[in-house]
Amino acid sequence: MSAGHAGARAQQGDTATEDLVGIGFGPANLALTIAIEEHNARSGPGGALRTAFVERQPEFGWHQGMLLSGATMQVSFLKDLATMRDPGSRFTFLRYLHEQGRLADFINQKSFFPTRIEFHDYFRWCAAMLADRVRYGREAYAVRAVAGQEGADTLDVLTRPAGAGLGAPADSPDASGEETLRTRNVVLGTGLRPRLPEGVTAGPHIWHNRDLLFRAAAVTDRPHRRFAVVGAGQSAAETADYLYREFPDAEVCAVFSRYGYSPADDSPFANRIFDPDAVDAFYDAPDEVKQTLLGYHANTNYSVVDGELIEQLYRAVYQEKVAGTERLRILNTTSLVGVEDLPDGVRVAVRSLTTGERYALDCDAVVMATGYRPTDPREVLGPLAEECLTDGRGRLRIGRDHRVATTSRVRAGIYVQGAAAEHTHGITASLLSTLAVRSGEICDSLLLGEAERQVLTARSVPAPAGADGVAVRTA
Ligand code: FDA
């Protein structure tokens, strides 16, 4: 058992209760584990926080269906999981490069933007060092308050093998494979969920781009006719580019309602919206200002494409025009009307927004690059969500320290990080930019909560006769 599992509570004989259970182990909760690990290393066992994380995937994985060859990060490598909080951390991207023997080679590229494949490898390298904190292949499906004298000060996180029903692993604590983790705090870092157009269901020939690499691998051994890609954002452009390159015998139709792909604003002043300071400014702003800022700067992240990729796609279209062919077809100002499964593919019905003309594209597959939506933390919280306070628009009230405001019936901490906190913490909530700093903030909040709890506990313990009354002195 590591320092992270052997902290202050263990010394008090309270071995079954974690200080924190994290749901999801994507980059957000991985970064938090690093911050806590580094705190534990500094504080020693007496002040260490005990943590356990639950991750649905069988091993660490970051958007693996979109790890396209050549696709680069849209964030500087310096915004890794640790540098912005502590450049001396052993979990930085530079440290990773150094250990891989690639530091000089990386520098010679003169780029701040590694490929996604390389950054994924960096994430995995970090995750491997923290493997004993995570239960992979398990999903949390409910969180229950444990009744206490003055409100619930602990929570039970109910977990089961991911895809339960497939059979419990041999080392499961009970026959069903269910396991309950008791904790003083829970952090939900459950990320994003694919969004499909209204009325569309994924199937053998209808994919969300999340699964692109896995699905595309299954159709390589046939002659190909055509693929359609719906959407005009970064994932859509990457998908069109990938299919065009990987399936040289297939036509690729990019279907979107805009006139053209629009470039992402990554200019330096706009980029400051991703700074840790911007989170403070956003958090304190009135709600209407928050909405305005999200609107002004949506084009840093939503429905926009990296400028170089736009140029690359345009060049391909133009070169085909010179050659008198048209394998990459940009069906702009065009909307999706419907999809119909066929025995050997899919019929995609589209409509021109300018002429109203409708027509069908028979395809091997259609890829819906139609975005993602945040996973709503309330789905996992279940009835406990009723104890979480909301704003006038029904959204969770989340403190600056990422802790959800609750009724007085719940004293345990419920933290939310990631896309589900965009309405309170701004556009960077769903991204990697502030993960290192945010993790430090959550770690500090947990430590503060723990210090307060110890004061309260000490107060409630009667002083032994003749003693000086430790509980009173701590007040
Ligand atoms: P993320 O979705 O990564 O992880 C959540 C984890 O929780 C998942 O592993 C999931 O399995 C798990 N989980 C969910 N529910 C669970 C449950 N009930 N029980 C157990 N486990 C559960 N951002 C950026 O800043 N720069 C970039 O370059 C990119 N690039 C990029 C490419 C692509 C293709 C996508 C789709 C997104 C990006 N992003 C990005 C944005 C992206 O949201 C961000 O990089 C991180 O994935 C956010 O990390 P999280 O940990 O919050 O969510």
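The values are calculated or read from the model by the stated rules, or taken from the named source; none is laboratory data. From a predicted model like this one, the values you see are computed outputs, not experimental measurements. Counting neighbours? That spans all protein chains shown, and the Cβs are built from the backbone with ideal geometry, glycine included.
Some points to look at:
- Count - residues of segment 227-261 that are in contact (Cβ under 8 Å) with a residue 12 or more places away in the chain and either within 24 Å of the chain's Cα centre (by Cα) or closer than 15 Å to Gly70 by Cα (or both): 17
- Residue check, Glu379 in the same structural domain as Thr159 (by TED's automatic domain parsing) and either in contact (Cβ under 8 Å) with a residue 60 or more places away in the chain or more than 16 Å from the ligand (Cβ to nearest atom) (or both): no
- Filter result for Val322 (assigned by TED's automatic domain parsing to the domain that holds Ser352 and modelled with pLDDT of 95 or more): yes
- Test: residue in segment 215-225 that is part of a helix (DSSP H, G or I) and more than 16 Å from the ligand (Cβ to nearest atom): yes
- Within segment 139-155, restricting attention to residues that are within 16 Å of the ligand (Cβ to nearest atom) and not small (Gly, Ala, Ser), the residue that is nearest to Phe60 (Cα to Cα) is Glu139.
- Residue tally, condition within 12 Å of the ligand (Cβ to nearest atom), more than 13 Å from the chain's Cα centre (by Cα) and among the charged types (D, E, K, R), over segment 180-201: 1
Conditions (1) under 20 Å from Asp266 (Cβ atoms); (2) out of contact with any Ser or Thr (no Cβ under 7 Å at 6 or more places or on another chain); (3) among the acidic types (Asp, Glu), marked per residue:
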{"residue": "Phe91", "(1), (2), (3)": "no, yes, no"}
{"residue": "Gln100", "(1), (2), (3)": "no, yes, no"}
{"residue": "Ser111", "(1), (2), (3)": "yes, yes, no"}
{"residue": "Phe123", "(1), (2), (3)": "no, yes, no"}
{"residue": "Leu130", "(1), (2), (3)": "no, no, no"}
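- Matching residues in segment 47-80 - criterion: being assigned to a loop (DSSP other than H, G, I, E, B), closer than 23 Å to His208 by Cα and more than 14 Å from the chain's Cα centre (by Cα): Pro58, Glu59, Leu67, Leu68, Ser69, Gly70, Ala71, Met73, Gln74
- Candidates Tyr136, Tyr141, filtered to the one that is touching a Pro at 6+ places or on another chain (Cβ under 9 Å), outside the structural domain of Arg351 (by TED's automatic domain parsing), modelled with pLDDT of 95 or more and of a type in the set (Phe, Trp, Tyr): Tyr136
- Check on Asp266, in a loop (DSSP other than H, G, I, E, B), closer than 24 Å to Ala436 by Cβ and in contact (Cβ under 8 Å) with a residue 60 or more places away in the chain: yes
- Residue in segment 93-112 that is assigned to a loop (DSSP other than H, G, I, E, B) and in contact with a Gly (Cβ under 8 Å, 6 or more places away or on another chain) present: no
- Any hit, segment 287-297, residues being touching a residue at least 24 places away in the same chain (Cβ under 8 Å), among the aliphatic types (A, V, I, L, M), closer than 30 Å to Gly399 by Cβ and in a helix (DSSP H, G or I): yes
- Of all the residues in segment 421-472, those that are at pLDDT 95 or above and either in a loop (DSSP other than H, G, I, E, B) or among the aromatic types (Phe, Trp, Tyr) (or both) number 5.
- Just one residue in the set Ile442, Ile427 is within 16 Å of the ligand (Cβ to nearest atom) and either without any contact (Cβ under 8 Å) to a residue 24 or more places away in the chain or crowded, with 24+ Cβ neighbours inside 10 Å (or both); that residue is Ile442.
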